[in-house]
Amino acid sequence: MNPFVLKFLLLSCLGLSLGCMGETYTVSDRTQLAALDRAQPGDVFLLKSGVWKDVHFNINHGGTASQIVTLKAERPGQVMLTGSSFLAINAPYVSVEGFLFKDGSINKGAVIAMNSDHAVVSQMAVIDYNPQGMSTQYPWVVFNGSYNQLSSSYFKGKSNAGAVVINAEFNSRHNTLTNSFFQDMPLKAHSNGREIIKILGGGHVDAQSPDGAYFTLEGNLFDHADGEGVEIISIKSNHNWIQNNTIVQSVGSLNVRRGSDNSVKNNVILCQDRKDAQGIRMSGARNWIEANYVSHCEYGVTLSSGEYWEQALTPHYKINDRGNTAPNKARYPQNQWVTIFNNVLVSNKGADLDVGSREYKKHWPAHQNVLIPESCTVSHNTVYRPQGGASVIGVSVDTQAPLDQLHFEPNVFEGNVLLGGRNTLASMTGFEERPFPKDWLEHEVLNGFKPLKASDVGPDWLNRQ
């Protein structure tokens, strides 16, 4: 080919490529924010450093898979949004990074809302973004779309009503939250709904739904992240992956509250003997609990009893029909076909494994929590219990009328080792009781896992003390 022709074609292709990359805009004041309303695929908007008050980012023009629209701080962490500022991503393929929300508040909505698909939000921080009164309810982050990502961000000090992060109930699937840090969320007792992470979706209302949230929660650190003090991570949907997270001295539990086909793997829970700091709690079907480390907690792993709701067993039953709109009326779904495999449970105050005693006949007969776990497999777990005492507990099933009509498939227990602990139920074999080793060192057991530290997570720009 003629070299001049070749040179012309290369320059033409280069020019075409650069044109497809879009324009770069530097935004120095509020009047220039109007350029966002004219965003084209590939455009980049750089916000000048400084304090920006009462800025309402409604991003309504997005990009494409190959040409995203980008909004970011010119210097990460140096753009502080305060007052009533918020971010709403209402179009697909938008990336936002490097902002600090601090010492502001909103009245409704969310501080960061992903209301479309394929958004990427990273290197962000939200600190003490609270209203005057606790009763004003809003989350800090909401996933209200699919295939959105939140990563490498920091959240501290949420004190008002509402969860920190919510995956919405409908049309919100395949979202991810990774490499982020949740710290110092103050405990407010009797404040239901203040979970740190709440993952709603298919399986929440209808336990028979084949749908799910398909949410990935991976590589996050929770340190003194108390919230409501009951659920730190609340799974209320099917098909989620909760893995490689670390929870430190946080009140509450990692709870699959109602959902099936969830995977909870390789998480480290270090309660450090804090009051009401708990391990892992389960309700639902076919959930998989593997290779987690739970130490110095109120309890280790609990399989709750579920509610029988098909018919009233006594005239006193109060059905949970949610205004006759919910196809699944069980307050707690039964644990069925759950696998608990290869977990390590260390120095927990209460039982390391509870098979059904939690919730059993609680509030009977108004509630019918009488379905014990069945067809579950508990295998190759190791318990270290230097203080001795009951390590494995269960429930003595009431077989008197009207409960004599209920029958359950057996669970399988095999290859479990209790070092210093006791199995209190003779009917549950598959637990080998051994004397506690004299040369045991707890940190050597923990070394087999990878607990996260503050330096491992959150924005690169954040100076964490």
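Among the strands (runs of 3 or more DSSP E) confined to segment 153-257, the ones with at least 2 residues that are not hydroxyl-bearing (Ser, Thr, Tyr) are located at 154-156, 165-167, 181-185, 197-200, 216-218, 221-225, 231-236, 241-243, 246-248, 252-256.
Residue-by-condition table, conditions (1) in a helix (DSSP H, G or I); (2) among the hydrophobic types (A, V, I, L, M, F, W, C); (3) within 22 Å of Ser153 (Cβ to Cβ):
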{"site": "Thr26", "(1), (2), (3)": "no, no, no"}
{"site": "Leu33", "(1), (2), (3)": "yes, yes, no"}
{"site": "Trp52", "(1), (2), (3)": "no, yes, yes"}
{"site": "His61", "(1), (2), (3)": "no, no, no"}
{"site": "Ser66", "(1), (2), (3)": "no, no, no"}
{"site": "Lys72", "(1), (2), (3)": "no, no, yes"}
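Consider Val395 carefully, then state whether it is in contact with a helix residue (DSSP H, G or I) (Cβ under 7 Å, 6 or more places away or on another chain) and surrounded by fewer than 24 Cβ atoms within 10 Å (Cβ to Cβ). Against the criterion (in contact with a helix residue (DSSP H, G or I) (Cβ under 7 Å, 6 or more places away or on another chain) and surrounded by fewer than 24 Cβ atoms within 10 Å (Cβ to Cβ)), Val395 does not qualify. Scanning segment 266-282 for residues that are closer than 15 Å to Val230 by Cα and not hydrophobic (A, V, I, L, M, F, W, C) yields a count of 6.
Residue pairs whose Cβ atoms lie under 8 Å apart, separated by 6 or more positions or on different chains, with the first residue in segment 410-437 and on the phi > 0 side of the Ramachandran plot and the second hydrophobic (A, V, I, L, M, F, W, C) and at pLDDT 95 or above, are Gly420/Val383; Gly420/Phe436; Gly430/Val378; Gly430/Val412; Gly430/Phe413.
Please verify whether Ala390 is surrounded by fewer than 18 Cβ atoms within 10 Å (Cβ to Cβ), in contact with a strand residue (DSSP E or B) (Cβ under 8 Å, 6 or more places away or on another chain) and without any contact (Cβ under 8 Å) to a residue 60 or more places away in the chain, treating the condition exactly as stated. Taking the combined requirement at face value, the residue satisfies it.
Conditions (1) in contact with an Asp or Glu (Cβ under 8 Å, 6 or more places away or on another chain); (2) β-branched (Val, Ile, Thr), marked per residue:
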{"site": "Val397", "(1), (2)": "no, yes"}
{"site": "Ala401", "(1), (2)": "no, no"}
{"site": "Asp404", "(1), (2)": "no, no"}
{"site": "Glu409", "(1), (2)": "yes, no"}
{"site": "Arg422", "(1), (2)": "yes, no"}
{"site": "Gly430", "(1), (2)": "yes, no"}
{"site": "Glu433", "(1), (2)": "no, no"}
{"site": "Phe436", "(1), (2)": "no, no"}
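Taken over segment 258-290, the criterion of being of a type in the set (S, T, N, Q) and either under 23 Å from Lys188 (Cα atoms) or assigned to a loop (DSSP other than H, G, I, E, B) (or both) is satisfied by Ser260, Asn262, Asn266, Asn267, Gln272, Gln278, Ser283, Asn287.
Looking across segment 424-465, the residues that are under 26 Å from Val121 (Cα atoms), at pLDDT below 95 and touching a Phe, Trp or Tyr at 6+ places or on another chain (Cβ under 8 Å) come down to Leu462, Arg464. In segment 201-228, how many are hydroxyl-bearing (Ser, Thr, Tyr) and surrounded by fewer than 20 Cβ atoms within 10 Å (Cβ to Cβ)? Residues flagged as hydroxyl-bearing (Ser, Thr, Tyr) and surrounded by fewer than 20 Cβ atoms within 10 Å (Cβ to Cβ) within segment 201-228 amount to 2.
The number of residues in segment 118-133 that are buried (at least 21 other Cβ atoms within 10 Å of the Cβ), at negative phi and under 20 Å from the mean Cα position of the chain (by Cα) comes to 5.
Residues in segment 331-350 that are assigned to a loop (DSSP other than H, G, I, E, B), out of contact with any Gly (no Cβ under 6 Å at 6 or more places or on another chain) and under 24 Å from Ser260 (Cβ atoms) were compared, and the one that is modelled with the lowest pLDDT is Arg331. Residue count for segment 361-382 satisfying the condition of being part of a loop (DSSP other than H, G, I, E, B) and buried (at least 20 other Cβ atoms within 10 Å of the Cβ): 8. Among residues of segment 291-309 being of a type in the set (Ser, Thr, Tyr) and not in a strand (DSSP E or B), the one that is farthest from Val251 (Cα to Cα) is Tyr308. Scanning segment 272-287 for residues that are more than 13 Å from the chain's Cα centre (by Cα) and either without any contact (Cβ under 8 Å) to a residue 40 or more places away in the chain or farther than 20 Å from Gln387 by Cβ (or both) yields Gln272, Arg274, Lys275, Ala277, Gln278, Arg281, Met282, Ser283, Gly284, Ala285, Arg286, Asn287.
The values are calculated or read from the model by the stated rules, or taken from the named source; none is laboratory data. Values in this document were obtained by computation on a predicted structure and should not be read as measured data. We place every Cβ from the backbone using ideal geometry, glycine too, and count neighbours over all the protein chains shown.
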